[in-house]
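Right, one structure below, let's go through it.
The values are calculated or read from the model by the stated rules, or taken from the named source; none is laboratory data. Note that this is a predicted model, so its numbers are computed, not measured. Methodologically, a virtual Cβ is constructed for each residue, glycine included, from the backbone with ideal geometry; neighbour enumeration extends over all protein chains shown. SASA here: full protein model, heavy atoms, side chains in, ligands and nucleic acids out. Shrake-Rupley method; radii C 1.70, N 1.55, O 1.52, S 1.80 Å.
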Amino acid sequence: MRTRNTTLAVAGLLVATVTGCGGAVPTASNSKADGVYAQIAELPKDQQVAKAQELAGKEGKTLSLYTSMTADIATPVAKAFEQKYGIQVSVFRGNSETVLQRALQEGQAGKPGADAVETNFLEMTALSGNGMLVPFNGSALDKVEKTGRFEDWTASRLNVFQPAWNTDLIKPGDEPQSWEDLALPKYKGKLTLEISDSDWYQSVTKWWLDHGKSQAEVDKLWKAIAANGKVAKGHTTMMQFLTAGQTPMEAMNYTYITDRARAAGAPVTHLPQSGVSKIPAFARPNGVGMVKGAQHPAAAWLFYHWLLTDGQKELVKLKLTPSTKVPGDKSLNGLTLAPFDVKTLSSATGTWDKKYDALLRGVDTVGN
């Protein structure tokens, strides 16, 4: 089974290999798809949606979507899109590494199975670097901050990094007030760390270094945090442990997972009693892209447009953090946002994965 590290390494190797040969990963020669994308792109923006709907009808009103959304999110999102445009959505759902691996393999074979992809920024960057995505120029881009727009994919939602805790086990006043607090002796044996959170590790490390800490001070903090904790695989699994009271605190989980659990009645939170967290909150983008050589390119274009417009409202209903400003969205309330360094992490080629793996080496697993 390939891990996040090895899958992303394969993606990086493919980029390096094809760059040396003067091309990208082979994709299906589909002049029809290229023509559809071009036909929509060359129209005035206020005419693009209607043309995409017309062409999607000729394609058979079908969309193949690859996504790392969990099933309880992917299903209502697909249904809402279907209701809007009458397009039947076939969803392949897996973790971000699985989505990338499948898309890369199909791209190499020249037989892309996805029309659109929605997953984490690292995997979207890998697909883009392999020439597997097509630029989008619709009016929906105007709703997204410039920091969320990339060459041929766009941020669709944000995963925000914050600690989370069980309010029955961590009483008011005992919760962390900073990332540094996770190293405090009082949290010995109370922390859970997720084994693939190298982007969180990088973000906090960079924040500390940028705000005056030496590398030695940073290393000491991380060693203390690792010594306070155990590890688990999967943020949803971690929240199940936290909800059940099997673990008292998570060093980091996505705020939407905590908020959804709390809304369902679980005694969990990521905010102190004041309702305002001073802990720098890093908002990592997940993105959407249209696949080059897609079998249903017009449907892919419509999904891209919809996810950045009406689809944003659906994400808010599901307590996710949208990439655009949506009336009624409270997902960022009480948070102190800090920059998320997409460029550095995208070009790190596994460096931070290796460092984080080394930090967690020897740390016990939850349940042991």
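Quick rundown of the values:
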| quantity | calculated |
| --- | --- |
| Test: residue in region 163-173 that is among the hydrophobic types (A, V, I, L, M, F, W, C), at pLDDT 95 or above and outside any loop (DSSP other than H, G, I, E, B) | yes |
| Single unsatisfied condition, K143 versus (1) charged (D, E, K, R); (2) under 26 Å from the mean Cα position of the chain (by Cα); (3) at pLDDT 95 or above | (3) |
| Unique residue being touching a Ser or Thr at 6+ places or on another chain (Cβ under 6 Å) and among the aliphatic types (A, V, I, L, M) when the list is A116, A126, A103, A140 | A140 |
| Scan of region 104-125 for residues that are part of a helix (DSSP H, G or I) and open to solvent by 10 Å² or more (accessible area, probe 1.4 Å), ordered by number | Q105, E106, Q108, L122, T125 |
| Filter result (open to solvent by 70 Å² or more (accessible area, probe 1.4 Å) and assigned to a helix (DSSP H, G or I)) within region 44-74 | K45, D46, Q47, Q53, E54, K58, D72 |
| Residues (open to solvent by 10 Å² or more (accessible area, probe 1.4 Å), farther than 22 Å from V36 by Cβ and not polar (S, T, N, Q)) located in region 138-147 | D142, K143, E145, K146 |
| Residue in region 212-256 that is nearest to T70 (Cα to Cα), counting only those that are under 24 Å from the mean Cα position of the chain (by Cα) and free of Cβ contacts under 8 Å to residues at least 24 places away in the same chain | T237 |
| Index of the failed condition, G131 passing every other in (1) assigned to a loop (DSSP other than H, G, I, E, B); (2) over 27 Å from T351 (Cβ atoms); (3) of a type in the set (G, A, S) | (2) |
| Looking only at region 332-355, and only at residues there that are charged (D, E, K, R) and not in a loop (DSSP other than H, G, I, E, B), the one that is nearest to T205 (Cα to Cα) | K355 |
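Every residue, every condition in (1) under 21 Å from V204 (Cα atoms); (2) open to solvent by 20 Å² or more (accessible area, probe 1.4 Å); (3) among the hydrophobic types (A, V, I, L, M, F, W, C), yes or no:
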{"residue": "T243", "(1), (2), (3)": "no, yes, no"}
{"residue": "N253", "(1), (2), (3)": "yes, no, no"}
{"residue": "Y256", "(1), (2), (3)": "yes, yes, no"}
{"residue": "A263", "(1), (2), (3)": "no, yes, yes"}
{"residue": "V268", "(1), (2), (3)": "no, no, yes"}
{"residue": "F282", "(1), (2), (3)": "yes, no, yes"}
